[in-house]
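Following: one structure in structure tokens, then a few remarks.
The values are calculated or read from the model by the stated rules, or taken from the named source; none is laboratory data. Note that the coordinates shown come from a computational prediction; the quantities given were computed from them, not determined experimentally. Here Cβ is always computed from backbone atoms with ideal geometry, including for glycine, and neighbour counts include all displayed protein chains.
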Amino acid sequence: MKILMVLMLSASVVPLAAQDPAPPAPTVQPATLMRPTALRPAGGAAVEDKADATEAQLLLRALSRAQRELFARSDAARKKGEPFNEIEADPTPRYRPLFRALADQGDVDALLWCTAHTTPVRPERAGEADDHQATRAAFRKDLAALLDKAQGRHLAAAARTALGHAGETISHEEADRFCEAAIAKDSSSAGGILSSMAGRAMDEPGDAARAKATALYERALGVESDPAAKQRITGRLFALNHLREGMKAPELSGTDFDGKSVKLADYQGRVTFLEFWGFW
């Protein structure tokens, strides 16, 4: 791997600023806002044409095809310069009651779909409190059903959805309790759930949030068995405690365009911009 450091200097002093590691993936948005190549059961593999597919997986396949047809029509209309409203043509609303019916029967994939497609409930505005109360109640009911029926990756997917709604549809405390209950029920996905909890904590300001995220990542590192996942967690821990705004930059060294050795410490007290290039 080749690393190129480009240094831009000035007379003033500023602290290191670094991007935080990526937060947990957000709750899935309505189909009109994305163009998936295939829909997937939450936490699972893409649905294939298998004879043993569940009803929910068949619905996912059908919705995926309907979405692809929608986008094909939208692209064709755009090429012709004709108007096309993807929101109005979105097939997702037609499938909601079908997924809801299966979810009410306890189908795990359908329950995951319903929770993932719940629009986050934010602080009430005038006249919306009753609707929000019903949405919150339905979401909590679905989470309780998932905690009872889901296992493994499905349970981890439910935990990520709960975290995505923390502070909105449900409280941060409720989301944390769900995650801890999921870990207690099935420890096989504990590393992933703890990492998601840590990522959510990193979005909160202050030293207390950083300490909480550090403790969660350390727990995840202690239970994770996958080497690649452990490497990712180690990297996030390092970034959390060494690459945040206001922290002292770690020691770096390399060569400039002329092949001369340079160290970041040589430029202490001056604005320094580092650009990294890699080939691998």
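Here are the numbers for the structure shown:
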| quantity | calculated |
| --- | --- |
| Lone qualifier among Asp142, Asp131, Asp148 - being at pLDDT below 95 and outside any loop (DSSP other than H, G, I, E, B) | Asp131 |
| Qualifying residue in region 176-195 (condition: over 30 Å from Thr135 (Cβ atoms) and hydroxyl-bearing (Ser, Thr, Tyr)) | yes |
| Leading residue by the ranking (nearest to Glu180 (Cα to Cα)) among those in region 233-244 that are touching a residue at least 12 places away in the same chain (Cβ under 8 Å) and in a helix (DSSP H, G or I) | Ile233 |
| Subset tally (residues that are surrounded by fewer than 18 Cβ atoms within 10 Å (Cβ to Cβ) and assigned to a helix (DSSP H, G or I)) for region 154-173 | 2 |
| Selection count where residues are polar (S, T, N, Q) and closer than 23 Å to Glu204 by Cβ, scope region 215-267 | 2 |
| Selected residue [outside any helix (DSSP H, G or I) and not assigned by TED's automatic domain parsing to the domain that holds Lys212] from Arg122, Arg100 | Arg122 |
| Residue match in region 92-106 (condition: among the polar types (S, T, N, Q) and closer than 29 Å to Lys149 by Cβ) | yes |
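For (1) on the phi > 0 side of the Ramachandran plot; (2) part of a loop (DSSP other than H, G, I, E, B); (3) crowded, with 17+ Cβ neighbours inside 10 Å; (4) charged (D, E, K, R), each residue gets a yes or a no:
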| position | (1), (2), (3), (4) |
| --- | --- |
| Ala175 | no, no, yes, no |
| Glu218 | no, no, no, yes |
| Ser225 | no, yes, no, no |
| Gly246 | yes, yes, no, no |
| Glu251 | no, yes, no, yes |
| Ala265 | no, no, no, no |
| Gly269 | yes, yes, no, no |
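Quick grid of which residues meet (1) touching a Gly at 6+ places or on another chain (Cβ under 9 Å); (2) outside the structural domain of Glu180 (by TED's automatic domain parsing); (3) not hydrophobic (A, V, I, L, M, F, W, C):
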residue: Ala220; (1), (2), (3): yes, no, no
residue: Ala229; (1), (2), (3): yes, no, no
residue: Arg232; (1), (2), (3): no, no, yes
residue: Asn241; (1), (2), (3): no, no, yes
residue: Ala249; (1), (2), (3): no, no, no
residue: Asp258; (1), (2), (3): no, no, yes
residue: Ser261; (1), (2), (3): yes, no, yes
